[in-house]
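As structure tokens, the structure follows; a few thoughts come after it.
Nothing in this text is a laboratory measurement; each read-out follows from the coordinates by a stated rule. No experiment lies behind these values; they were computed from the predicted model shown. Note that each Cβ is placed from the backbone with ideal geometry, even for glycine, and that neighbours are counted across all protein chains shown.
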Amino acid sequence: MRIHPGQTDPALIRNFCIIAHIDHGKSTLADRMLQLTGVVEGRQMRAQYLDRMDIERERGITIKSQAVRLPWDGHVLNMIDTPGHVDFTYEVSRSLEACEGAVLLVDAAQGIEAQTLANLYLAMSADLHIIPVLNKIDLPAAQPDKYAEEIAGLIGCAPSDVLRVSGKTGVGVKELLDHVVQNVPAPVGDADAPARALIFDSVYDTYRGVVTYVRVVDGHLSKRERTIMMSTGATHETLEIGVISPDPVPSVSLGVGEVGYLITGVKDVRQARVGDTVTSVVKPALTALGGYDHPRPMVYSGLYPIDGDDYPELREALDKLRLNDAALAYEPETSAALGFGFRCGFLGLLHMEIVRERLEREFNLSLISTAPNVIYRVVMEDGKEIVVTNPSEFPSGKIAEIHEPMVKATLLSPSDHIGAIMELCQGRRGALLGMDYLSEDRVEIRYTLPLGEIIFDFFDQLKSRTRGYASLDYDPSGEQDADLVKVDILLQGEAVDAFSAIVHREKAYAYGVEMAKKLKELIPRQQFEVPIQAAIGARVIARENIRAIRKDVLAKCYGGDISRKRKLLEKQKEGKKRMKMVGRVEVPQEAFVAALSTEASAAEKAKK
Amino acid sequence: MPASGELPASAREGLGDRPFGFYVHVPFCVTRCGYCDFNTYTATELGPGASRADYAETAIEEVRLARRVLGDAELPVETVFFGGGTPTLLPPGDLARILRAIGEEFGLAPGAEVTTEANPESVDPAYLEGLLAGGFTRVSFGMQSAREHVLTVLDRRHTAGRPAEAVREAHAAGFAHVNLDLIYSTPGEDDDDWRASLAAAIEAGPDHVSAYSLIVEEGTRLAARIRRGELPMPDDDVAADRYLIADAMLAEAGFSWYEVSNWATSEEARCRHNLLYWTGGDWWGVGPGAHGHVGGTRWWNVKHPAAYASRLATGSSPGHAREVLSEEDRRMERLMLELRLDSGFPLAEIAPSARTAVAQALGNGLLATGPFASGRAVLTLKGRLLADALIRDLT
């Protein structure tokens, strides 16, 4: 009973997480651990047991972290899952904060990736004990010796210290669990002090409301106790407390070093935010655990239903998603071209993609998203400051300065792609910070780049120029002054708000030319000539013409053709209904979708 | 489609009040042209009742079936049209026998128009005399072009001079009405080629010309050649130019348009059979794949001649499927067909919701102002080229 929740001796607890790139086999390794420790029977096992959302399972990535309590060799192991992607750095840092050790899991056929490296640095700066592990050693393409050396060079161990496992076959997993018990430090805390627990995840469950995952640092939390969120002062009654193993197991309390969950009847994850400290109302702590931060959107985009009638459904869907996504921000927005929609703020590009995909998949919505936009601070000559998250907010008056957000980017790649990567980064107004060889043929390149340049098809370009081998991670890194302009696109003299973009002055011409060309291809000829112009303010920088259609008639219409022709016309009429009217110009939905998608994906669509 | 071929009650309503005609499909050709997607076969043997030699008897079976289905209604036949395929691959006597059967079952109206399509190379003076003797009043030749290189792309087998000769032979045999079919914007044809074709057609002296822009139909050899890049895709702007050339040259020569793709020298020279299609008349379509229409029901026969013949051999209808048009379908079809005619469509019958579109069409020069003032929507020259767009706007 020494390891019963709420009564576990901290000396027997090992809290660890797994840091890995998205397809390096973290979930499969976790599956093996669940089996070996006996918490999941073999026949109940399904692949990637811990990934709950369908989208996670299908994309093979874990968006939300989760903690599982595993009994092993008289000890309690709490495995805290961490999100693996660039947009969720803050959530990762909170998960790391809940641990004393981290398993650095690297695919033995691919080596370490940029995001893993970034998270490794986070783990090292959080002073975690790092256990380097090469996974997938069963693969024929595995090069464990090569990558063991690479990892050793990064964390300062000997290549022989790097464990070798196969999540698929189970080889080495037992040894890894033993290693965790022997080497990860036990948590240390004051059992008699006022309770302090770190929230490292918060998940909305349809049946239970918000489930909050915590790591108890000091004191203990109990069922029926009233708790207080230290950042907001909000109080709640703990309706249920327990551990996950791997399904929820209620307990009476959670003590020092323990990891588990709380249910308080809260309906919105915003009321139990990641990074916040939970304490007891009766005996409150005076100081919160450090490091709490509020997730701030970095990237904005307009989301519009393709069918305007779906607007209420979109609102409802966003409301539901927000219950489970504290970082998602949105407010209603109207576009002359696209109708009613929402301006949405995201942590980054992946976050944006995930939200969009969930809206389409789980709520069956068809959406147009406008080009992503970062946050610009525009200072006018009269000293007034305007925050621009949407090209339509870009002021037209005398501008003194424009500040754009910057990031520090780390790129890992085989060294033969250095040239291609540098070319890409220079083309995106990057400044080289440095470059290091991780091994003989792998290199880490560091740049500062404007975030605005990264959110626009940078990742696709990086992948295509390096044949998929390069990986990218970035962190916000202040602002810089930039010479930016708003480029408008006009159809028949009328600006189409959905196509406006804020771009660097030097790239305005290229953007205008490209957009005008694209639209010329995408918009069918009308009964009148349609000029397409790209303009900065009143100055036209590019122009294309869609010539008037001259022939739209089928020559033959005899006895046998009549039904066919009627059906064809009806089909064409249906197509017409799906057009958006911009002034007198009929613009197909697909034109918006294609024009607003990045070059690579637009070309792909065109091929189909 | 019931095996008896019986028509729904709605179709039989008003039978005899509308003009009635026959279309007879002859599904044989010597070779298949690369652009053609019609229901036609080049083999001489296609199975019992379906081969060329047996075809007339099989078709006559369907004429008799038509009489059974349509009952005792008084239905004098105003127009008969033999199309294909190449009807003139059958001996004139076979075509005449089918026509005679139609006359026997229904009676031909006084002055009935009886047309057959013919390839210029498939007839000679004796053949044409045979047709006239058999009761035919009109011949329509597939001339397509007067340029050898264009005829080659189209896989036509006649020489460039043959159509004019055929017209002379038809006139000599005593035919008052002769049509020439032309095709424009064939890959490789330029404006001058097209002018030359028109000039040759006019020179030959027909009283009717049909001119069609080449349509690249899916699944044809032509479509495959274009896909492979062997031939360029016909361009719509080029087709528009050719249409304007055609209308100007034909008008100059005394032809006036009465349907988007049809010109005639006089009221009498117009093809009454096609006008019957376009004005909601009734007709029975005889032959494999043939379409018929009676009182808002459209049906079509099984496509393969063997399947067609075997159905008739067992006394059942060769009808494959049919559709009974809704009121809305019929309104749509009426507008779609009548707007293409020089008589146009009554403004009063255009839906009130389309009034803005009507005004816009007038403003854009798609509808003629004169007839508009007297209550009719009639296409201008520009409007003829954009007829489909206008129809979509007005329905």
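Descriptive notes on the structure:
- A Förster radius of 60 Å, combined with the Cβ-Cβ distance separating A:K168 from A:T334, puts the computed FRET efficiency at roughly 0.70.
- Helix-only CD estimate at 222 nm, as mean residue ellipticity for chain A, using -39500 (n - 2.57) per DSSP H run (n ≥ 4): -8000 deg cm²/dmol
- When the C-alpha to C-alpha distance is required to be over 29 Å, the pairs from A:K517/A:K565; A:K517/A:K567; A:K267/A:K486; A:K146/A:K168; A:K571/B:K303; A:K518/A:K577 that qualify are A:K517/A:K565; A:K517/A:K567; A:K267/A:K486.
- When the P(r) of chain B is calculated, the portion above 37 Å amounts to 22% of the C-alpha pairs.
- Cysteines having no other Cys beta carbon under 4.7 Å from their own, within chain B: B:C29, B:C271
- As a length-normalised measure over Cα pairs under 8 Å and 6 or more apart, the relative contact order of the stretch A:220-299 settles at 32 percent.
- Phi to ³J(HN,Hα) by Karplus 6.51 cos²θ - 1.76 cosθ + 1.60 over the stretch A:372-387, Hz, x for Gly, Pro: x, 9, 8, 9, 9, 9, 10, 9, 7, 4, 7, x, 5, 10, 10, 9
- Alpha-carbon spread of the protein assembly as shown, three principal axes, descending order, Å: 119, 72, 56
- Gyration tensor analysis over the Cα atoms of the stretch A:196-280 returns equivalent ellipsoid semi-axes of 16, 15, 11 Å (largest first, whole Å).
- Chain A - percent relative contact order, Cα under 8 Å, separation 6 or more: 10 percent
- Rounded to the nearest Hz, the phi-derived 3J(HN,Hα) couplings of the stretch A:467-474 under the Karplus curve 6.51 cos²θ - 1.76 cosθ + 1.60 (θ = phi - 60°) are 6, x, 7, 7, 10, 9, 9, 8, where x marks glycine and proline.
- Cα gyration tensor shape for the stretch A:352-402, rounded if a/c is under 1.5, else prolate or oblate: prolate
- Per-bin percent of Cα-Cα distances, the stretch B:327-395 [5 Å]: 4, 19, 34, 29, 11, 2, 0
- Rg to Rh, two decimals, where the stretch A:299-370 supplies the alpha carbon set and Rh follows Kirkwood: 0.92
- For a straight C-alpha distance cut-off of 17 angstrom, the aspartates and glutamates reachable from A:K507 (same-chain residues fewer than eight places away being disregarded) are A:E404, A:E423, A:E453, A:D457, A:D481, A:D483, A:D488, A:E599.
- Taking 7 Å steps out from each Cα toward its Cβ at B:R225 and A:R539 produces label points 5.3 nm apart.
- By the combined test of axial Cα extent (at least 15 Å) and Kyte-Doolittle hydropathy (mean at least 0.5), none of the DSSP H helices of chain B qualifies.
- Nearby lysines by direct alpha-carbon distance to B:K382 (threshold 20 angstrom, same-chain neighbours under 8 apart not counted): A:K551, A:K556
- The convex hull of the Cα atoms of the stretch A:485-607, projected and averaged over all directions, covers 8.7 nm².
- Cross-link partners of A:K573 among aspartates and glutamates (Cα-Cα below 17 Å; sequence separation of 8 or more within a chain): A:D307, A:D552, A:E586, A:E590, B:E328, B:D329, B:E333, B:D388, B:D393
- Separation in nanometres of the label points that stand 7 Å from Cα toward Cβ, at A:L433 and B:E203: 8.2 nm
- Base-10 log of normalised Debye intensity for the stretch B:219-259 (one unit scatterer per alpha-carbon) at q = 0.19, 0.24, 0.30 Å⁻¹: -0.67, -0.77, -0.94
- Extent of the stretch A:377-482 along its three principal axes (Cα atoms, max minus min coordinate, largest first): 55, 23, 18 Å.
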